[in-house]
Amino acid sequence: MRTDKIYLVGFMGAGKSTVARALAKRLDWRVEDIDERIERQERRDIASIFRQHGEPYFRVAERAALIDLLPQRGTVVASGGGTFVDPANRELMLRDGVVIWLDVPFSTILDRVPLDGRRPLAGDRAALEALYNQRLAAYRLAHVRVDASRGPVDLLVDQIVDGLET
Ligand code: S3P
């Protein structure tokens, strides 16, 4: 495992993008966001990509964004909720850096993720909960688990940095 790169993984609404920015700032590293990279590359938002081309197309773009970032060191990467669930992506990520799972219970996800279609896979509660449960086994394969359900982002960052140093 290489320690000059960190991947944040976890379900939608776990706080991956927010924590990635704060963690990169603390470490004085770069921050990258897979979803933002895809949106920049495709010049449209994730919802439009799903609508116009479907999920398989999105997953190809997601893999490409991940591969683009492989050479980059000293970087915190916020993944999308599904990135680490794909076995090939998972293998790349686990070899390329420290993978940290931001673990948040489903009840908190529901509070944080609006079921308004902005996230294409967050259409209704039952489907979201099924997806959450289905993905737990994959997230558990991360190198580190952090309880990300409470507390200010700075405390979470403290916890992550302390964990990396020990
Ligand atoms: C997805 C999560 C989203 C985005 C896309 C698919 C997923 O990212 O990549 O809508 O499969 O869980 P966030 O976890 O940042 O919302």
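In this structure, G54 does not satisfy being on the phi > 0 side of the Ramachandran plot and touching a Phe, Trp or Tyr at 6+ places or on another chain (Cβ under 6 Å). Residue under question is L23, and the condition is that it be within 16 Å of the ligand (Cβ to nearest atom) and among the aliphatic types (A, V, I, L, M); does it hold? Against the criterion (within 16 Å of the ligand (Cβ to nearest atom) and among the aliphatic types (A, V, I, L, M)), L23 qualifies.
For every residue, the table says whether it meets (1) touching a Leu at 6+ places or on another chain (Cβ under 6 Å); (2) of a type in the set (D, E, K, R).
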{"site": "S107", "(1), (2)": "no, no"}
{"site": "D111", "(1), (2)": "no, yes"}
{"site": "R118", "(1), (2)": "no, yes"}
{"site": "L128", "(1), (2)": "no, no"}
{"site": "N133", "(1), (2)": "no, no"}
{"site": "H143", "(1), (2)": "no, no"}
{"site": "A148", "(1), (2)": "yes, no"}
{"site": "L156", "(1), (2)": "no, no"}
{"site": "E165", "(1), (2)": "no, yes"}
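There is no residue in the stretch 37-50 that is closer than 23 Å to H143 by Cα and either at pLDDT 95 or above or more than 14 Å from the ligand (Cβ to nearest atom) (or both).
For the stretch 44-74, a residue qualifies if it is under 16 Å from R118 (Cα atoms) and not in a helix (DSSP H, G or I), and the qualifying residues are R44, D45, G54.
Somewhere in the stretch 5-12, is a residue in a strand (DSSP E or B), touching a residue at least 40 places away in the same chain (Cβ under 8 Å) and more than 14 Å from the ligand (Cβ to nearest atom)? Full working, then the answer.
Initially, the stretch 5-12 is screened for residues in a strand (DSSP E or B), giving 5-9.
Next, only the ones that are touching a residue at least 40 places away in the same chain (Cβ under 8 Å) stay: 5-9.
Pick out the ones that are also more than 14 Å from the ligand (Cβ to nearest atom) and you get 5-6.
Yes.
Total residues in the stretch 155-166 satisfying the condition of being surrounded by 11 or more Cβ atoms within 10 Å (Cβ to Cβ) and in a loop (DSSP other than H, G, I, E, B): the figure is 0.
Each residue in the stretch 51-74 was checked for being within 17 Å of V98 (Cα to Cα) and either charged (D, E, K, R) or within 10 Å of the ligand (Cβ to nearest atom) (or both), and 1 pass.
The values are calculated or read from the model by the stated rules, or taken from the named source; none is laboratory data. Here the structure is a predicted model, which means the values were calculated and not measured. As a convention, Cβ positions derive from the backbone with ideal geometry for all residues, glycine included, and neighbour counts pool all protein chains shown.
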